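Asks: My structure is below; once you've seen it, I'll send some questions.
The values are calculated or read from the model by the stated rules, or taken from the named source; none is laboratory data. Just so it is clear, the model here is predicted, and its values are computed rather than measured. Note: ideal-geometry Cβ built from the backbone for every residue, glycine included; neighbour counts use all protein chains shown. Protein only, heavy atoms only, side chains kept; ligands, DNA and RNA dropped before computing areas. Shrake-Rupley method; radii C 1.70, N 1.55, O 1.52, S 1.80 Å.
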Amino acid sequence: MNNEQIKNVLNDYLTQSGATEVIFEETENSVAALFNSREVISFKTNIPGWTHSGIQVDNTGKREYKIELRRV
Amino acid sequence: MEYYVVFEGIINQEASRKLAEAIFIKARDIHAEKIVVLFSSLGGSVYEGFIIANMIQNSQIPVAMHAVNHIDSIANVIFLSAKERTAESHAKFYLHSASSTGTFDEKQLLEQYQATKTNNSRIAYFISENAGLRLERVQEMMKKGTTLSVQEALKLGIVSGIDHVEIPQGSPREEIIYIN
């Protein structure tokens, strides 16, 4: 899967969980979504060739939470 | 190779013995590189809780804790003994003051009062130190009895990530389960 496809997968998940104000940050081998959300559910999609960080606090302060997917 | 331990139950002597076996003997026997404990407990003995916490902190093989249901009472100390801590989105945490039960005469009542106060201090210090929370805040949460969602626990630093974990097929595993 390429970065654009990863962003689509993330968008589906974020929409499901009710996330708002989503921004993406990406490198050649990673895609991170930073977002706000009243409630948070786990990201359960298994994507071959990619690993993910789980939902973490966004320490940059841009948004409340972040999730990063990284190419293995 | 990761070694998975599914733990559900009250913290007592039997539970701590089985967890010790899993961490110190079985994981080492199979040369595991990491132990992942899928953990849930309604709490139990403060003494046994600190035994398990010390085992995890001093394990030669790194131990990761993943909260899967309830993390109540002294189970918070066990959970926080691991450096790597994650949780299912549906898990929850409950912090409250220690308690004693039994029949006491006046002298014993005073002893139990002191013991309970001391246990409250020990638990609060451990939570504060290992979650990086202000001691006063931990003491307040314990005093009023505080239930935290995983989201709240994430923001407080009790948990570093919300994730879904299923044990991969064929992985070495141990189940320590007491269902009442």
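Asks: I need the full set of residues from the stretch B:148-180 which are open to solvent by 80 Å² or more (accessible area, probe 1.4 Å) and either within 14 Å of chain A (Cβ to nearest Cβ) or not in a loop (DSSP other than H, G, I, E, B) (or both), in order please.
Replies: B:E152, B:K155, B:E166, B:Q169, B:R173, B:E175, B:I177 - these are the residues of the stretch B:148-180 that are open to solvent by 80 Å² or more (accessible area, probe 1.4 Å) and either within 14 Å of chain A (Cβ to nearest Cβ) or not in a loop (DSSP other than H, G, I, E, B) (or both).
Asks: Still on this model: When you go through (1) over 23 Å from B:E84 (Cβ atoms); (2) within 14 Å of chain B (Cβ to nearest Cβ) one by one for A:T51, which number turns out not to apply?
Replies: (1)
Asks: Could you look through the stretch B:71-90, keep only residues that are within 19 Å of B:I35 (Cβ to Cβ) and in a loop (DSSP other than H, G, I, E, B), and pick out the one that is nearest to the other protein chains (Cβ to nearest Cβ)?
Replies: B:E88
Asks: Anything in the stretch B:89-116 that is closer than 19 Å to B:K155 by Cα and either open to solvent by less than 10 Å² (accessible area, probe 1.4 Å) or of a type in the set (V, I, T) (or both)? List them, or say none.
Replies: Those that are closer than 19 Å to B:K155 by Cα and either open to solvent by less than 10 Å² (accessible area, probe 1.4 Å) or of a type in the set (V, I, T) (or both): B:A91, B:F93, B:L95.
Asks: Given the conditions (1) within 14 Å of another protein chain (Cβ to nearest Cβ); (2) at pLDDT below 95; (3) open to solvent by less than 10 Å² (accessible area, probe 1.4 Å), report the number of the one that A:F35 does not fulfil.
Replies: (2)
Asks: On to the next question. Looking at the stretch B:107-135 only, could you name the residues that are farther than 13 Å from B:V46 by Cβ, aliphatic (A, V, I, L, M) and part of a helix (DSSP H, G or I)? Show your work before the answer.
Replies: Of the stretch B:107-135, the ones farther than 13 Å from B:V46 by Cβ are B:107-111, B:113-114, B:128-135.
Okay, now just the ones that are also aliphatic (A, V, I, L, M), so B:109-110, B:131, B:133, B:135.
Across the stretch B:107-135, the qualifying residues are B:L109, B:L110, B:A131, B:L135.
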